[in-house]
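The values are calculated or read from the model by the stated rules, or taken from the named source; none is laboratory data. Everything numeric here is computed off the predicted structure, so don't read it as measured data. Positions of Cβ are backbone-derived with ideal geometry, glycine not excepted, and every protein chain shown enters the neighbour counts.
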Amino acid sequence: MQGKSAACGLWLAATMMSAPALAQTTAERHAMGQLADGTAIEGVTLSNDRGVRATIITYGATLQAFEANDRDGNFADITLGFDTAAEYEAFPNYFGVTVGRYANRIAGARFALDGEEYTLTANDDPNSLHGGTTGFDKRVWEIVSVSDGPVASVTMALRSPDGDQGYPGNLDVRVTYTLDHGGDLGIVFEATSDAPTIVNMTNHALFNLAGAGSERDAMGHHLMIPASSYTPVDQFLIPTGELRPVAGTHFDFTDWRLIEAGLRDGRDEQLVLGRGYDHNFALDKGVTATPELAARLVDTESGRMLEVLSTEPGLQFYTGNFLDGTVRGRDGQIYRMGDGIALEPQKYPDAPNQPAFISARIEAGETYRHEMIYRVSIVPGAGE
């Protein structure tokens, strides 16, 4: 099913049944255990009546589970993760977390703003990764509101003080998760600072559409990313500043491509440097006022399809290259390289140090906003 498969075209032509006008989705608040110091962690589960359910926990404002039916009606979690809050604390692998202040890498753990240089915590030597040593993924967030209705939702909030991990400005942050009847899990990130600063937030879910407990990894999925270019990286996985065309390379996902096709091609220096895919794609759509398509992912065997939509200009595609079999996740499953993939919409990596990239700066009093959607659906099988 490589490339221009007619089957993929049929999948995209398939439409979902229209939702009843008054369909309700529910939000249930519940305990999720505690951290090592005894801090209680809560969870909120958003559910609709079509077999889609998402659980968000206050530790890291984390998408702890995202469950959906397959073509045969089998219900499974399609994300990698842990069963308890304590495991998220003990084994920090960014599974499903809210990433901030700055998603991805900042070179040398430093950047300049208005002539002043700021030094960040370096947790990816020599870089700062995903907000530093104690990023938003390792904080306990406050539940602000929970609601049922045609769209169920939970909003969580956090204050990041001036100097937090080296970043300037007091930053007030909110993340709102919503679930509608059709299967759209929306995530809205908002942040306001009292001083000029940089912000770049996203969700870091790792997906395997075969479902939790499956013996199949995610490398057999098919992926489409509407991006004509990507940002190649150096040996520290920092973008070189080049926007390189994907045409004719293993990075061309403008049409359906099997993820594992070419993944181990040692002649491609970028795949060697990334130990697989760990690269930002420059989406053709750029920055948009409302979420537009950033990626489509399909598992042909289960029939599950995931679409990622976003208002941001970039998408980090990561094939779980640093999963090495030393961590046991949900249901005791050992996670290895390729068991899940991340599709993280965001600003470009290291944008604060690369003036040619779209800026991640916000001014005092300005509201940063990133709106994204994980949309799940079922595609018909062969002959259907």
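Assorted remarks:
- Some residue of segment 239-258 being of a type in the set (V, I, T), within 20 Å of the chain's Cα centre (by Cα) and surrounded by 17 or more Cβ atoms within 10 Å (Cβ to Cβ): no
- Residues (within 20 Å of D77 (Cα to Cα) and either surrounded by 21 or more Cβ atoms within 10 Å (Cβ to Cβ) or within 17 Å of the chain's Cα centre (by Cα) (or both)) located in segment 277-302: A295, R296, L297, V298, D299, T300, S302
- Applying the criterion of being more than 19 Å from the chain's Cα centre (by Cα) and in a strand (DSSP E or B) to the residues of segment 102-113, the residue that is surrounded by the fewest Cβ atoms within 10 Å (Cβ to Cβ) is A112.
- Residue list for segment 114-127, filter: in a loop (DSSP other than H, G, I, E, B) and either at negative phi or touching a strand residue (DSSP E or B) at 6+ places or on another chain (Cβ under 8 Å) (or both): L120, T121, A122, N123, D125, P126
- Among the residues of segment 43-74, those that are in contact with a Gly (Cβ under 6 Å, 6 or more places away or on another chain) and without any contact (Cβ under 8 Å) to a residue 60 or more places away in the chain comprise T55, I57, Q64.
- Residue within segment 267-281 that is aromatic (F, W, Y) and touching an Asp or Glu at 6+ places or on another chain (Cβ under 9 Å) present: no
- Selection count where residues are out of contact with any helix residue (DSSP H, G or I) (no Cβ under 9 Å at 6 or more places or on another chain) and of a type in the set (D, E, K, R), scope segment 240-274: 7
- Subset of segment 58-101 (residues that are farther than 13 Å from A210 by Cβ, in a strand (DSSP E or B) and among the hydroxyl-bearing types (S, T, Y)): Y59, T62, T98
- Residue within segment 164-176 that is surrounded by fewer than 18 Cβ atoms within 10 Å (Cβ to Cβ) and either on the phi > 0 side of the Ramachandran plot or not hydroxyl-bearing (S, T, Y) (or both) present: yes
- Any hit, segment 61-70, residues being of a type in the set (V, I, T), within 23 Å of the chain's Cα centre (by Cα) and more than 22 Å from L158 (Cβ to Cβ): no
- Residue within segment 128-141 that is of a type in the set (S, T, N, Q), part of a strand (DSSP E or B), at pLDDT 95 or above and out of contact with any helix residue (DSSP H, G or I) (no Cβ under 7 Å at 6 or more places or on another chain) present: no
- Scanning segment 264-276 for residues that are in contact with a strand residue (DSSP E or B) (Cβ under 9 Å, 6 or more places away or on another chain) and either part of a loop (DSSP other than H, G, I, E, B) or crowded, with 23+ Cβ neighbours inside 10 Å (or both) returns a single hit, G276.
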